[in-house]
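Quick notes on the structure that follows.
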Amino acid sequence: MTYHSEIAKADDLIGGQTGWDGIAPESVARMRLQNRFNTGLDIARYTAKIMRADMAAYDADPAAYTQSLGCWHGFIGQQKMISIKKHFGSTKGRYLYLSGWMVAALRSEFGPLPDQSMHEKTSVPALIEELYTFLKQADARELGMLFRDLDAAKAAKDAVNTHRLLHKIDDYETHVVPIIADIDAGFGNAEATYLLAKKFIEAGACCIQIENQVSDEKQCGHQDGKVTVPHEDFLAKIRAVRYAFLELGVDDGIIVARTDSLGAGLTKQIAYVREAGDIADQYNSFLDCDPVDPATIGHGDVLITRDGQLLRPKRLPSNLYQFRPGTGEDRCVLDCITALQNGADLLWIETEKPHIGQIGGMVSRIREVIPNAKLVYNNSPSFNWTLNFRQQVYDAWAQDGRDVTAYDRARLMSIDYDDTELGREADERIRTFQRDAAREAGIFHHLITLPTYHTAALSTDNLAKRYFGEEGMLGYVKQVQREEIRQGIACVKHQNMAGSDIGDDHKDYFAGEAALKAGGAHNTMNQFAA
C-alpha cells in the first residue's frame, strides 16, 4: 500500500457517507499506515514469512545468520529496534528474544523467581503483546515525524524534498520483527502446551521454543538437577504447538526444539517400548543399570531387559532414574534428529560453554541424517566468556607446543592478561564467535538471553554511585543526558518517545483549530531541538 493509494481509498469511503465531512482522508491514511498490523495474528503471519525467508537464505549461505537480544519489557525491545534502524538502516536479520528466565525473574506477581516455570504462564503472552505494542508505537512515532516533515516541505513548496519524503513513507520499514518466544517445557501436559501456544500466537509470536525437560521439574538450562522426558512426551508437545499454529492460520509458524540432555543426567520415567530398537528403546538404552540376579529381586524393584539381560535402572530416593555418565552428547544428537523428524524446524542445544568444536561435532552427526539441520544458540551470560576463551586459547597453544609459561591458567581472568597476546586472541575469538559458529556449527540464529538484565544492573550501579556520591546531579547529566544528546539517542526527548506528538497529531485530526496541544512553545522538550 502506498501513501496516495491509502488516501484515495479513504476518500472513496468518506465520500459515500453522510455527515463525515469533518473526517480528512489524508489523516485516515496516515493513521492506517501508522498501524498496519490490526491483530497479533497479522504480526505472526508477517514475521513467520520473514523468518522462513531468513532460514532459506542461511541454507544458501551460512554468512546470512541472524541475531537477537532478550527482552523483559516492551520499551527495551522498542529501543533495540530503534537503535538497530539508526545504526544499520534496517532490521533485516535482527529479531527479539523473549526469555522465560527474565519473565520469571522480573515479571512474576510472586516477585523474583528462579527459572523453574513457577511464574504465571499468561505473563509470557502478555509480554509478547506488550513488545509488539511498543514496536508498533515506534512505527507510529517515526512515521508521524515523516508526516510532519512532509507537511513542512509542502508548505515551503519544496518539490524535491516532498518527493523524497513520499518515497521514504512508501518504502518505510517497520520495527515489527520476529520474536522467538520461550514456552519453557510447556507449563503442563500437551493440552496445556497447546492452549498456551495459542495465546502466544494470538499475541503475535511466529516462533515458539520448547524444551524437553519435565514441566514440573523444570530448571534453568545452566543449572543442575535437570530432568528430561522420553521422546514421545516431547513430540506430543511439539505436535500440540504445530496444531495451534495451524488452527490459527499461521501455516509458516516455526518451532524450536530445545534439548537439555547435555547437562541433564536424570529422567522421571522409563519410556514405554513397543518394539526393540524404537525411539523409546533407544532412550532407555542410556539408563544407568546394574545386572540383576533374579534371586535378589526386591520388593518394589523396577526392572528392564536389554539384549536378553535383566537390569535394574538406578533409581534415586526422588524416584528419578539416572543416565549413564558421558552419554549427554549422544542423547542430544538423538533428541535433535527425532525432533526434526517429527515437526520441529530448528534446534537448540543447551551447552555448558561456548565451544564451536563441541557444538559443531554434534551438528555434524545430526546433519548425517538431516542435512539442513539448523540451530538457535544461546550466547548466554551464564558463561564466563572471557575465562572460557582464554582457557581455549591457552589449551590450543599448549597442544601446539607453544610456550605458555608466561600465563597462569588458574588466573586467566586477571586484568593482567587483558593486553597480552593471549588476551587479544581470546577477544578476537569472542568477536568472531557468531560468524565462525554459523559457518562451522550450523547456527542459524544467535541470541543473548539476558542482556538487559545485566545492562540495567550495570548502568544503575554506575548512576547510583555517582548521583548519591560527590557528583550529585552531574552524575546524571554527564553520564546520561549529555551522552544521549551527543549520541543522538531519541529517548532524550522522552515526551516524544512516549507518544506526546502522536497525541497532538490526533488532537489536530479530531478537533482542528480547537485542539489543545502539548507541543507548544513552552514544552521543555524544545530545549533539545539543537
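The values are calculated or read from the model by the stated rules, or taken from the named source; none is laboratory data. Predicted model, so just to flag it, every value in this text is computed and none were measured. As a convention, Cβ positions derive from the backbone with ideal geometry for all residues, glycine included, and neighbour counts pool all protein chains shown.
With the condition being acidic (Asp, Glu), I'd like the helices (runs of 4 or more DSSP H) fully within the stretch 328-402 carrying at least 1 qualifying residues.
Once the helices (runs of 4 or more DSSP H) in the stretch 328-402 are filtered for at least 1 residues that are acidic (Asp, Glu), what remains is 328-341, 385-399.
Looking only at the stretch 34-50, how many residues end up being among the hydrophobic types (A, V, I, L, M, F, W, C), closer than 17 Å to Ile128 by Cα and under 19 Å from the mean Cα position of the chain (by Cα)?
4
Does Tyr272 satisfy the criteria of being touching a residue at least 40 places away in the same chain (Cβ under 8 Å), surrounded by fewer than 24 Cβ atoms within 10 Å (Cβ to Cβ), on the phi < 0 side of the Ramachandran plot and part of a helix (DSSP H, G or I)?
no
Quick one: which residue in Ala464, Ala437 is more than 25 Å from the chain's Cα centre (by Cα) and part of a helix (DSSP H, G or I)?
It is Ala464.
Can you name every residue in the stretch 422-457 that is basic (Lys, Arg) and either free of Cβ contacts under 8 Å to residues at least 24 places away in the same chain or on the phi > 0 side of the Ramachandran plot (or both)?
Those that are basic (Lys, Arg) and either free of Cβ contacts under 8 Å to residues at least 24 places away in the same chain or on the phi > 0 side of the Ramachandran plot (or both): Arg424, Arg431.
Looking at Ala464, Ala426, Ala515, Ala521, can you tell me which residue is more than 30 Å from Gly93 (Cα to Cα), surrounded by 13 or more Cβ atoms within 10 Å (Cβ to Cβ) and among the small types (Gly, Ala, Ser)?
The unique qualifying residue is Ala515.
When you check Lys85 against the structure, is it assigned to a helix (DSSP H, G or I) and over 24 Å from Gln219 (Cβ atoms), yes or no?
Taking the combined requirement at face value, the residue satisfies it.
Return the residues of the stretch 1-15 that are of a type in the set (D, E, K, R) and surrounded by fewer than 15 Cβ atoms within 10 Å (Cβ to Cβ); say none if nothing qualifies.
Hit for the stretch 1-15 is Asp12, nothing else.
Out of all the residues in the stretch 47-75, which are of a type outside the set (Gly, Ala, Ser), in contact with a Pro (Cβ under 9 Å, 6 or more places away or on another chain) and assigned to a helix (DSSP H, G or I)?
Thr47, Ile50, Met51, Asp54
Scanning the stretch 485-494 for residues that are without any contact (Cβ under 8 Å) to a residue 60 or more places away in the chain and surrounded by 16 or more Cβ atoms within 10 Å (Cβ to Cβ), which turns out farthest from Phe528 (Cα to Cα)?
That would be Ile489.
If Asp335 satisfies all but one of (1) at pLDDT 95 or above; (2) more than 33 Å from the chain's Cα centre (by Cα), what's the number of the condition it fails?
(2)
Being over 30 Å from Val177 (Cβ atoms), in the same structural domain as Ala190 (by TED's automatic domain parsing) and either assigned to a strand (DSSP E or B) or in contact with a helix residue (DSSP H, G or I) (Cβ under 6 Å, 6 or more places away or on another chain) (or both) is the requirement here; does Val256 meet it?
Against the criterion (over 30 Å from Val177 (Cβ atoms), in the same structural domain as Ala190 (by TED's automatic domain parsing) and either assigned to a strand (DSSP E or B) or in contact with a helix residue (DSSP H, G or I) (Cβ under 6 Å, 6 or more places away or on another chain) (or both)), Val256 does not qualify.
Any residue in the stretch 122-146 that's within 30 Å of Phe110 (Cα to Cα) and part of a helix (DSSP H, G or I): show its pairings with residues that are of a type in the set (Ser, Thr, Tyr) and modelled with pLDDT under 95 at Cβ separation under 8 Å, as long as the two are six or more apart or on different chains.
Ser123/Ser108
Which of the residues that make up the stretch 484-530 are part of a loop (DSSP other than H, G, I, E, B) and modelled with pLDDT of 85 or more?
If the condition is that a residue be part of a loop (DSSP other than H, G, I, E, B) and modelled with pLDDT of 85 or more, then Gly488, Ile489, Lys493, Ala498, Gly499 are the ones that fit.
Any residue in the stretch 158-169 that's within 12 Å of Thr2 (Cα to Cα): show its pairings with residues that are at pLDDT below 95 and outside any helix (DSSP H, G or I) at Cβ separation under 9 Å, as long as the two are six or more apart or on different chains.
Leu166/Thr2; Ile169/Thr2
Can you name the residue in the stretch 351-406 that is in contact with a helix residue (DSSP H, G or I) (Cβ under 6 Å, 6 or more places away or on another chain) and aromatic (Phe, Trp, Tyr) and, of all such residues, is surrounded by the fewest Cβ atoms within 10 Å (Cβ to Cβ)?
Out of the qualifying residues, it is Trp385.
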